[in-house]
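Here is the structure we will look at, set down as structure tokens.
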Amino acid sequence: SKEHRPNPIVQMGLFMDADGIPLSMCINPGSDNESLCAVPAEKKMLKMFENKDIIYCSDAGLGYNDTRLFNDFCGRKFVVTQSIKKLNSILKQAVFNDYDYRFSQDGKPASLETMKTFDRTLKENRKYYDGYIYKSIPVDKLVDLGLFEVKQYKNGKTKKVKSKGNLKQRIIVTYSRKMAEYQKTVRNRQIERAKKILANMDPDNFKKGPNDVTRFIKSDKEKK
């Protein structure tokens, strides 16, 4: 187990289609990194779907570079979640700036600021509240193909170097007013729960998890 528990555990990887119908599965030791199990399991599944167009969909944990590269050949494509925190500073600016957004229902240019501020009680704004805006940012990336080529320099010398390929990718950014309000409500409730925890215990005695409410609590100690 990755949690260092003494009892042995296993993990199951399951491929499903768009309707939730199971297609293939695998069983691995619980200590294995699940991101490294995706491609071998997918190769087994593909034997049953030869000459079929496959779109691989997963969360960020199963969307690492090798998986993306594997699903960029032979008619396969991929759609995976991308953490904004892990993007470089230039891409973060491209994600957050109010430029090149379009409305989901008609594809017309839209504004992020307008989506945040319109009066959702008005009947004519209902379609904006139920819809969302989006934009697409190209983020092509050079990747190692596992091949080698001979490079010749001007002085006549040659050197064997790794071949690089261009992995074409796009970041699809979306914003929904309805989803933003829902997430804000959930976050405010978690903050209130964190305040109650903080009021009843010593901050030095709690352990913060990545997803529980204590992630909102930080210890600030003055140095003397």
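Worth pointing out:
- Verdict on Thr117 being free of Cβ contacts under 8 Å to residues at least 24 places away in the same chain and in contact with a helix residue (DSSP H, G or I) (Cβ under 6 Å, 6 or more places away or on another chain): no
- In the condition set (1) surrounded by 12 or more Cβ atoms within 10 Å (Cβ to Cβ); (2) on the phi > 0 side of the Ramachandran plot; (3) at pLDDT 85 or above, Thr67 is compliant with all but (2).
- Exclusive hit being exposed (fewer than 11 other Cβ atoms within 10 Å of the Cβ) and within 28 Å of Lys86 (Cα to Cα), set Leu14, Leu36: Leu14
- For the range 50-61, the criterion of a residue being farther than 27 Å from Ser136 by Cα and of a type in the set (Ser, Thr, Tyr) is satisfied by no position.
Residue by residue, here is whether (1) loosely packed, with under 10 Cβ neighbours inside 10 Å; (2) without any contact (Cβ under 8 Å) to a residue 24 or more places away in the chain; (3) farther than 23 Å from Tyr175 by Cβ; (4) basic (Lys, Arg) holds:
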| site | (1), (2), (3), (4) |
| --- | --- |
| Cys57 | no, yes, no, no |
| Leu62 | no, no, yes, no |
| Phe78 | no, yes, no, no |
| Lys85 | yes, yes, no, yes |
| Leu91 | no, no, no, no |
| Val95 | no, no, no, no |
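- Remark: Phe73 matches the filter, which requires a residue to be of a type in the set (A, V, I, L, M, F, W, C), surrounded by fewer than 10 Cβ atoms within 10 Å (Cβ to Cβ) and either within 28 Å of Leu87 (Cα to Cα) or touching a Lys or Arg at 6+ places or on another chain (Cβ under 7 Å) (or both).
- Count of the range 113-125 residues which are of a type outside the set (A, V, I, L, M, F, W, C) and touching a Lys or Arg at 6+ places or on another chain (Cβ under 8 Å): 2
- Ala94 meets the conditions (1) outside any helix (DSSP H, G or I); (2) within 25 Å of Gly63 (Cβ to Cβ); (3) modelled with pLDDT of 90 or more; (4) not aromatic (Phe, Trp, Tyr) in every case but one. The failed one is (1).
- Residue match in the range 23-30 (condition: exposed (fewer than 13 other Cβ atoms within 10 Å of the Cβ) and touching a Lys or Arg at 6+ places or on another chain (Cβ under 9 Å)): no
- Residues of the range 192-212 satisfying the condition of being surrounded by 10 or more Cβ atoms within 10 Å (Cβ to Cβ) and at pLDDT below 75: Met201, Pro203, Phe206, Lys208, Asp212
- Filter pass, Tyr99 being within 16 Å of the chain's Cα centre (by Cα) and at pLDDT 85 or above: no
The values are calculated or read from the model by the stated rules, or taken from the named source; none is laboratory data. Here the structure is a predicted model, which means the values were calculated and not measured. Heads up, the Cβs are rebuilt from the backbone with ideal geometry, glycines too, and the neighbour counts pull from every protein chain shown.
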